[in-house]
1. Looking at (1) within 24 Å of the chain's Cα centre (by Cα); (2) surrounded by 18 or more Cβ atoms within 10 Å (Cβ to Cβ), which is the only condition residue 610 fails?
2. Determine which member of the set 364, 387, 400 is out of contact with any Gly (no Cβ under 7 Å at 6 or more places or on another chain), closer than 24 Å to residue 262 by Cβ and outside the structural domain of residue 147 (by the TED database).
3. Any residue that is of a type in the set (Lys, Arg) and over 22 Å from residue 226 (Cβ atoms) - is there at least one of those in the stretch 528-538?
4. Out of 260, 332, 296, 304, which single residue is touching a residue at least 24 places away in the same chain (Cβ under 8 Å), surrounded by 24 or more Cβ atoms within 10 Å (Cβ to Cβ) and closer than 26 Å to residue 369 by Cβ?
5. Looking at the stretch 308-317, is at least one residue open to solvent by less than 10 Å² (accessible area, probe 1.4 Å), among the acidic types (Asp, Glu) and under 23 Å from residue 275 (Cβ atoms)?
6. Suppose the filter is outside the structural domain of residue 175 (by the TED database), open to solvent by 10 Å² or more (accessible area, probe 1.4 Å) and β-branched (Val, Ile, Thr); does residue 496 pass it?
Amino acid sequence: MAAAAFSCCHGAGGMVVIVVVVMAMLGGVVAGGEPPFSCGGAAAGGGQGYAFCDATLPAEQRAADLVARLTAAEKVAQLGDQAAGVPRLGVPAYKWWSEALHGLATSGRGLHFDAPGSAARAATSFPQVLLTAAAFDDDLWFRIGQAIGTEARALYNIGQAEGLTMWSPNVNIFRDPRWGRGQETPGEDPTMASKYAVAFVKGMQGNSSAILQTSACCKHVTAYDLEDWNGVQRYNFNAKVTAQDLEDTYNPPFRSCVVDAKATCIMCAYTGINGVPSCANADLLTKTVRGDWGLDGYIASDCDAVAIMRDAQRYTQTPEDAVAVALKAGLDMNCGTYMQQHATAAIQQGKLTEEDIDKALKNLFAIRMRLGHFDGDPRSNSVYGGLGAADICTPEHRSLALEAAMDGIVLLKNDAGILPLDRTAVASAAVIGPNANDGLALIGNYFGPPCESTTPLNGILGYIKNVRFLAGCNSAACDVAATDQAAAVASSSDYVFLFMGLSQKQESEGRDRTSLLLPGEQQSLITAVADAAKRPVILVLLTGGPVDVTFAQTNPKIGAILWAGYPGQAGGLAIARVLFGDHNPGGRLPVTWYPEEFTKVPMTDMRMRADPATGYPGRSYRFYQGKTVYKFGYGLSYSSYSRQLVSGGKPAESYTNLLASLRTTTTSEGDESYHIEEIGTDGCEQLKFPAVVEVQNHGPMDGKHSVLMYLRWPNAKGGRPTTQLIGFRSQHLKVGEKANIRFDISPCEHFSRVRKDGKKVIDRGSHYLMVDKDELEIRFEA
């Protein structure tokens, strides 16, 4: 969300006055002071007697009353992420931009931890999202969102937050393994990303019908997944996306955010979609997001996206045109000052009306009303008023951070059962690698100060004391490697742990990778250490995106490989508990791990589906037709589990009458299909049925196990996916324990596919529910 380097003031003349007014009116709380609020008590100006202060009225009515009382200049001053106060009405300044991707972060403008007198100096740092996603556990995701939302509200109550609008989560699809921000997302699958979005947003926003705990913002709609590749930057990239890919891959997580989670904000991306910038796309913002999906909230731009429409994308000729086209398209607020600088001139030039601004401001103030900012002192609120410094970094939240890290860790290789280790049998150990003792390597990006931090080295020291540590590389880039020294340390140690991988210097916002190999001299260092060691070494990878570690996968001297993502404040302890058997790993990869040869595919090619005629391999497990290093959903355990589909489907007579009343269409391939729109909401409800999977833990350890259910079509004609994840459940099982896990199957959702024109249909005939290699055929026909 970093602002574009080239965004600046382009106005002249009268516009300078507006800028001065805006900046003079900006302001807020001093960190560690009183929380900002309006209407009652110590609120500046009081505001009593105004309809916008009447908490018994609907938020929309209150917002409309407030907007009607503003002057034109006061209205324009609300259009940026730093909204000016209106002292004469008792309205405080407000900062919209706060981040909470995997814990409260200082990346935005609204959260503060370092001012003198601050009661809270840190917040719980959970694992980076991609690792949390690997747990395949939506209850865990909900609890993390809930904890972050609680800490945000607590920080606000103690005066260290100037806003409660959190610009998280990032639910873009991790389409290309080189993408620098893939680490922030739940992975490559739209079903999984959608379920993550729903769980996290519901946790963040709270379950009170009276007041929002925080406002969550799902970003970045839509098809945004490129930073800077081969001279193409996110600021000027025009993504050419088919209607089919938009409907079945890129848009579903955002639809779920709005429709199922009731997210109160959507952020539009820098990306142009088929020639139109996302933040200027009325079909996307007004027709789809607010119209079809029913957004009850506001739409924000990524930072300086409106300026970029003119400065980088050349979509408009003037700043005033950019502001006008964005507001008319449905944008409510621009991260940055561009709209505050140029909206007045746009009105004067007849390109924008004051009513256009009123529409946006009503959406913005309605959210602030729903957050309780106009209900008097927030500490008097019966729902969240009691939260304070004691509710940040609680033992429960710290324990949850550890649980999330342990549940996400993926065991990729475990030759001859080298893991778990018996701590009493380890006489000495070498810990080698640039990520072994680096606290920053644990927390990815968009982070704040963590409550505590345990590096992998410190985690291992909690189990064994005779440990020699060597970084081995000058950094994760590993431009310089102490290979001979590392080999010598390894040769004199009983066991060797290698902590390698990536850092934000290789993958981050604004930075895509050009290679999937480990950087610099890492591979040669690992190989040399493995050759010198007494027994097979243990390799732990701290990365966001996937890496091609085929060399380690096939090397018998590398006995075990773990992927630990960026595991958060408790990451080192979580890794150690897995290594020494105090936790049975159950994570599964949320993305495909591709070989290095995949980098021949242009990042700019947005097609999901393979094109064998041109050699294009496709993307993600759903469509990719090529070799993999590790497949989506792959993950080993210390235990053996069995899974079997034991029941599913419903009596044919329960839906034959319904289907008999519907017309079918025939595709060019000769397949018949039913239109979802014609089945209707009631019909779709009638078609639902349960499917049950029996899962058993055969030991030797208790463990948490995720069951993934897929749908398979008889063929891949018409652009059908090879397989499609339709659900997952996570279950803790003791040794020998069996459990029946129920999946609720909705044919309209789970059996449907998207045609090339973007329409959803259900094919007549056979559909196969899959769990591993076990299949259950479901006939869908009258």
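The values are calculated or read from the model by the stated rules, or taken from the named source; none is laboratory data. Treat the numbers as computed from the prediction; the structure is a model and nothing was measured. Positions of Cβ are generated from backbone atoms using ideal geometry, with glycine treated the same way; all protein chains shown enter the neighbour counts. Calculation scope for accessible area: heavy atoms of the full protein, side chains included, ligands and nucleic acids excluded. Shrake-Rupley method; radii C 1.70, N 1.55, O 1.52, S 1.80 Å.
1. Result: residue 610 fails condition (1) only.
2. Numbers: 364 fails: outside the structural domain of residue 147 (by the TED database); 387 fails: outside the structural domain of residue 147 (by the TED database).
Only one candidate passes the filter, namely 400.
3. Going through the stretch 528-538, the residues of a type in the set (Lys, Arg) turn out to be 534-535.
Of the ones still in play, those that are also over 22 Å from residue 226 (Cβ atoms) are 534-535.
Yes: the stretch 528-538 contains one or more residues that are of a type in the set (Lys, Arg) and over 22 Å from residue 226 (Cβ atoms).
4. 332
5. No.
6. no
Here's the yes/no breakdown for (1) over 30 Å from residue 393 (Cα atoms); (2) surrounded by fewer than 16 Cβ atoms within 10 Å (Cβ to Cβ); (3) touching a Cys at 6+ places or on another chain (Cβ under 6 Å):
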residue	(1), (2), (3)
445	no, no, no
449	no, no, no
459	no, no, no
462	no, yes, no
470	yes, no, no
483	yes, no, no
487	yes, no, no
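Results for (1) under 20 Å from residue 188 (Cβ atoms); (2) open to solvent by 40 Å² or more (accessible area, probe 1.4 Å), shown as yes or no for each residue.
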position	(1), (2)
726	yes, no
742	no, yes
747	no, no
755	no, yes
759	no, yes
763	no, no
767	no, no
778	no, no
